[in-house]
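Asker: The structure's right below; bear with me while I get my questions together.
Derivation of every value follows stated rules applied to the coordinates shown; laboratory data play no part. Since the model is a prediction, treat every value here as computed from it, not as a measurement. Positions of Cβ are backbone-derived with ideal geometry, glycine not excepted, and every protein chain shown enters the neighbour counts.
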Amino acid sequence: MAEEQSQIGLLRDIFGNPFRLVNFSPDWRTSTAVALASQMYESRDFSAMPILADALQDAECDNDDILNHCRQPGEHVRGCWVVDLLFGKE
């Protein structure tokens, strides 16, 4: 059961909620947010996700799905849907 929950968490990190589409504003791609995302992606250390949420909020991101995802506990990995949106991957 624990392994199943772990796999479900990874799927949610990569794909998000397929029933709730997120519109990502290009204005949220600030140099700070992109630098944080790049650093996490390269180092494979996603412990700064809550800081990324703060940077997105500073850029006037008001999307609860994005902000909550960044602040939720749990594992984040390369392919995280929020980081991919910052990189312009749709």
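Asker: Please identify every one of the trypsin sites (Lys or Arg not before Pro) in the chain that sits in a loop by DSSP and has no more than 10 other beta carbons within 10 Å of its own beta carbon.
Answerer: Sparse-neighbourhood loop trypsin sites (Lys or Arg not before Pro): Arg20, Arg44, Lys89.
Asker: Which is the longest run of the chain containing none of the chymotrypsin sites (Phe, Trp or Tyr not before Pro) found in DSSP loop states (not H, G, I, E, B) with at most 14 other C-beta atoms within 10 Å?
Answerer: Segment 20-86 is the longest.
Asker: Just report the Cα centroid separation between the range 49-63 and the range 21-42, whole Å.
Answerer: 9
Asker: Further, regarding this structure: Do me a favour and compute the ellipsoid semi-axes for the range 9-60 from its Cα gyration tensor, root of five times each eigenvalue, largest one first, whole Å.
Answerer: Rounded to whole Å, the semi-axes are 19, 17, 9.
Asker: Continuing with the same structure: Modelled label-to-label distance, Glu75 and Asp54, 7 Å Cα→beta-carbon offset: nm?
Answerer: With each label placed 7 Å out from Cα toward Cβ, I get 2.7 nm.
Asker: Okay, next question. On a full-extension model of 0.36 nm per residue, what is the gain between Ile14 and Ala35, subtracting their alpha-carbon distance, rounded to one decimal in nm?
Answerer: Using 0.36 nm per residue and subtracting the Cα-Cα distance, I get 5.6 nm.
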